[in-house]
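For reference, the structure is listed below as structure tokens.
The values are calculated or read from the model by the stated rules, or taken from the named source; none is laboratory data. These numbers were taken from a predicted model, which means no experiment stands behind them. Counting neighbours? That spans all protein chains shown, and the Cβs are built from the backbone with ideal geometry, glycine included. With ligands, DNA and RNA removed, areas are computed over all heavy atoms of the protein, side chains included. Shrake-Rupley method; radii C 1.70, N 1.55, O 1.52, S 1.80 Å.
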Amino acid sequence: MTIATGWDTAVALIFRPRVLELLGNTVWLVVITVPLCLMLGVAGAWLVERTRLRAHRVWAVLLAAPLAIPAFVNSYAWVSVVPSMSGLGSGVLLATLSYYPLVYIPAAATLSRLDPAIEQSAASLGLGPWRVFFRVILPQLRIAVAGGGLLVGLHLLAEYGAFAMIRFDTFTTAIMEQYRSTFNGAAGNMLASVLVTLCLVMLVVEARARGNARYAKLGSGAQAAPTRLPLRAWQLPAQLGLVALAALALGVPCWVIGRWLVSGGADIWETADLATALGQTLWLGLLGAIATTAAAFPLSWLAVRFSGWLSKSLELANYVTSSMPGIFLALAFVTVALRMVPDIYQSTLLLIVAYVLLFLPRALVSLRAGLAQAPKELEEAARALGRRPMAAFFRVTLRLAAPAAAGGAALVFLAIVNELTATLLLAPTGTNTLATQFWGLSSGIDYAGAAPYALLMILLSAPMTYLLFQQSKKAAGQ
């Protein structure tokens, strides 16, 4: 589209005051929100895993729970309470409350499996608790912190509904406005080119921040549980801080949704649109989960059985593609479909393909772990006992990898449930999911009518969040 637009027109569309304003909003949003999420995530993980925090098992779950509430539902709740919310400060508040669990979950998992002998050695050399944290523990969280920060940053670039509701302009909201006013116009595509450049820059920054340092050691390490530090006088401030965080991230959206459900009465549940949206969401989620898992299987197979430059290149390409905002991918699909295969524009097929590209890594990571636990020697043994190659594959390898495939499919399914931007642009006419129906009603200030859709999305997302939390603990050996 840049080539078709022409260099002079592209430069005029990119280097203009409006784009500089959007760039400033987006950069400030990332620069402020990501450090806040890192501080909250690491501090929460340290309190839960390394201190004698009372009810630490309860707080371990509650700190991860906000991930079950989509950011645009969180924004809807806060706008219901404070209708005047707008601007950068409101965007930072909403984004921080919605996305800090993306740092907390990997940080807590990493802390729970760190060898306590390293900390004990540092303490025996005279380092105090704070110096042990900053000089020993924090450096070992580098991968988790960098990865969590990248996820937060990519979500900030991709988020549309939460920021549109508070009238805070970012590249994603501006692209959607351009799409609605000029359909597949040059201005929207040039904004998308800047947005994807920001995504690539963020990927490079994360790779540099992660570094090449070694974070593993030989040997089994100490099996003793880490020593939990007493909080003493800090017990009450820590509890009050966690209560405040939970009230803001969980209490406000749950209370607002409950209030609108009560005020709306039984009538808001009797609409046929609710059942239709739920059915279409489940159908698209099922199709997308099956297609994504099927597409991830050969890539996982190559990565496990034939590791080399080809499998690594294919895997990296999928991670880069999935890191792009949904609106960018949808806009690209609109362009390609209209120019090359107009018959599939606004078809279920095109939407499912977009879901596959957006969420393939969720199935890929799970399947790769499952196939790694199904060694090829078992398949070779089945062949030696008279099984045909295909029968040995289905009876041995596929059965062993089935739980991992189901877990990956569940994560993809629940990601599709909460997807908004790509669905808005690519869904066939007449298709309404829970997310799109919620967005339409909340945008029309029908907050009571939107409440049932918000509740159903949270109920469908909660199992995924719990599964993600349990998987992180499982990976940590707990």
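So which residues in segment 38-80 are β-branched (Val, Ile, Thr), under 23 Å from the mean Cα position of the chain (by Cα) and within 15 Å of Ala107 (Cα to Cα), if there are any at all? Selection gives Val42, Val48, Val61. Go through segment 333-352 and count every residue that is without any contact (Cβ under 8 Å) to a residue 40 or more places away in the chain and buried (at least 18 other Cβ atoms within 10 Å of the Cβ). Result for segment 333-352: 1. Of the numbered criteria (1) at pLDDT 85 or above; (2) in a loop (DSSP other than H, G, I, E, B), the one Leu329 fails is (2).
When segment 172-211 is filtered for residues that are open to solvent by 40 Å² or more (accessible area, probe 1.4 Å) and among the small types (Gly, Ala, Ser), the ones remaining, listed by number, are Ser181, Ala207, Ala209. Thr429: buried (at least 18 other Cβ atoms within 10 Å of the Cβ) and of a type in the set (Val, Ile, Thr), yes or no? The answer is no for Thr429. Within segment 369-389, does at least one residue satisfy the condition of being open to solvent by less than 60 Å² (accessible area, probe 1.4 Å) and polar (S, T, N, Q)? The answer is no; no qualifying residue exists.
Would you check if there is a residue in segment 150-157 being part of a helix (DSSP H, G or I), modelled with pLDDT of 80 or more and open to solvent by 50 Å² or more (accessible area, probe 1.4 Å)?
yes
Checking segment 310-322 against the condition returns a match, with at least one residue being open to solvent by 50 Å² or more (accessible area, probe 1.4 Å) and over 30 Å from Val152 (Cβ atoms).
In segment 353-368, of all residues being closer than 26 Å to Val194 by Cβ and β-branched (Val, Ile, Thr), the one that is most open to solvent (accessible area, probe 1.4 Å) corresponds to Val353. When the test is whether a residue is over 30 Å from Trp234 (Cα atoms) and modelled with pLDDT of 70 or more, Leu200 passes it.
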